[in-house]
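Structure first, commentary second.
The values are calculated or read from the model by the stated rules, or taken from the named source; none is laboratory data. What you are looking at is a predicted structure, and each value in this text was computed from that prediction instead of being measured. Cβ atoms come from the backbone with ideal geometry, glycine included; neighbour counts cover every protein chain shown. With ligands, DNA and RNA removed, areas are computed over all heavy atoms of the protein, side chains included. Shrake-Rupley method; radii C 1.70, N 1.55, O 1.52, S 1.80 Å.
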Amino acid sequence: MQPDYSGGGLVNLVASIVAARGGKALHPLLANLRDDELRDARNLVFLIIDGLGDNYLMRRGAGGELARRRRAALTSVFPSTTASAITTSYTGRTPLEHGLTGWFTYFGEAGCVAAALPFRSRGDYLPLARRGVTPEQIYVSQSVFEQVPARSVVVTCKDIIDSEYNMCHCRGAQRVAYETLDELVAHIEEAVKSGADRKFVYAYWPVYDMVSHRYGAGSAEAFEQFGKIDEAFGTLLARLSGTDSVVIATADHGFIDVAPEESFELPASLASQLRFPLCGERRVAYCHVHDAKTFMQKAQDWLGEHADVIPSQNLADEGWFGPGTPHPRFKERIGDVTLVMRGRYTVKDWTPGESRHLHIGNHGGTSDDEMLIPLILEAT
């Protein structure tokens, strides 16, 4: 499934939100959402539940607080992963434009592969600041909060609120930290009720994603976490009753569960042809190689029907990363060749210093379960 950037995707939802709060949309508005539904509300609350795919919501959440208010399915971005999609939600830009193309990215500014959100090098996990790199060099896109005249508040997890990534992408907004789900609901309510002015409240909940990675999206543990955020959503709506608010909930991606035998480790014959460790995701891996033609042939022979081995520029030319003006370093961030895994397969390499563990729950790929996210909306 290819992302929809023309009116049915996450980038279009963000465009509609920006326009509704008085800013200039950078991409087409969401096709199945009336302008006045968002524009006329005093408060606009945008809640992202990390990892909550639309297919999961419809399978496991039928009749619940979230599912009863579901309007439609949207697509995430490519790759369908937090680093790319959350950055789209923070900036209104496509991955082509903002340049964060996966969890691991080669940053020429730092001369290494790094985890884009923690702002740390892969393997030794050291701050990129030790390499003389500033967050402003990596995170170049203006935030949506700088684009709108409405007062903005970001309610996010205490563990990440002061990260380099969040400090840059929350510019223009007041940042409020929480530690528990009850505090998340309480701080959203406080922000909405903090004055009679028009407001934009952005909120983020990561725990469902964390549990789904560890135990699998099909696990009892993930379902328990889903039940908690589903109940909390109903509580939030009740507390915001009569506040002239519109509450929108969505996700950044969905999940698939991957068995150990479906997790491939890059063989030495291919790893030796890499200039840098694998980048991107376990479901969509960018390869910076010495000889693209030779690598592609060997990779396809090894992976067979389990993956598509594609020149990375072809994916950009076909629109997978979206429309817009490419980030100045976009080409180096997607490498020479991309391994797009089929079915439920993943691919991984290991670098010194890394913990050798495999996630059960994975995302980043092109399946419906990973790519489709819900549009949930309620006026209070």
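Kindly provide log₁₀ I(q)/I(0) values, in the same order as q = 0.14, 0.15 Å⁻¹, from the Debye equation applied to equal alpha-carbon scatterers of the range 1-139. Reported log10 I(q)/I(0), two decimals: -0.75, -0.83. Sequence-distant contacts, meaning Cα pairs under 8 Å at least 6 residues apart, place the relative contact order of the chain at 28 percent. Every helix of 4 or more DSSP H residues in the chain counts as -39500 (n - 2.57), and over all residues that averages to -8500 deg cm²/dmol at 222 nm.
Note on the range 55-125 and the range 20-35: Cα centroid distance 21 Å, given to the nearest whole angstrom.
Note on the range 168-255: percent of Cα-Cα distances in each 10 Å bin, starting at 0 and stopping at the bin with the largest distance, equals 14, 44, 31, 10, 1. When only alpha carbons are used to place a centre, the range 128-150 and the range 257-304 end up 31 Å from one another.
With only alpha-carbon atoms in the gyration tensor, what are the semi-axes of the equivalent ellipsoid for the chain, in Å, largest first? Semi-axes from the Cα gyration tensor: 34, 22, 19 Å.
Backbone geometry of the range 101-115 corresponds, through the Karplus equation with coefficients 6.51, -1.76 and 1.60 at θ = phi - 60°, to 3J(HN,Hα) couplings of 9, x, 4, 9, 9, 7, 9, x, 4, 9, x, 7, 7, 9, 7 Hz, x marking Gly and Pro. Using the Karplus relation 6.51 cos²θ - 1.76 cosθ + 1.60 with θ = phi - 60°, the per-residue 3J(HN,Hα) values for the range 42-57 come to 5, 10, 10, 10, 10, 9, 9, 9, 4, x, 7, x, 5, 5, 5, 4 Hz, with x marking Gly and Pro. Each principal axis of the range 68-207 carries a Cα extent, and these read 48, 32, 30 Å when sorted largest first. Using a cutoff of 8 angstrom between alpha carbon atoms and counting only pairs six or more residues apart, the relative contact order for the range 60-109 works out to 27 percent. Note that the range 261-334 shows a convex hull volume over its alpha carbon atoms of 102 Å³ per residue. Principal axis extents of the C-alpha atoms in the range 301-380 (largest first, rounded to whole Å): 52, 34, 31.
Exposed loop sites, defined as trypsin sites (Lys or Arg not before Pro) outside DSSP H, G, I, E and B with at most 11 other Cβ atoms within 10 Å, are absent from the longest region of the chain, namely 35-274. The fraction of accessible area contributed by carbon and sulfur in the chain is 50 percent, rounded to a whole number (1.4 Å probe; ligands and nucleic acids excluded).
Of all DSSP bridge pairs formed entirely within the chain, close to 55 percent run antiparallel.
Scanning residues 5 or more positions from Ser80 or on other chains, those with amide H under 5 Å from its amide H are Gly364, Gly365, with H placed 1.01 Å from N in the peptide plane.
With contacts taken as Cα pairs under 8 Å and at least 6 residues apart, the range 273-321 reaches a relative contact order of 25 percent. In a reduced charge model with +1 at each Lys and Arg Cβ and -1 at each Asp and Glu Cβ, the chain shows a dipole moment near 660 debye about its Cα centre. Going by Cα centres, the range 309-380 and the range 159-203 are how many Å apart? Each part reduced to its Cα centre gives a spacing of 28 Å.
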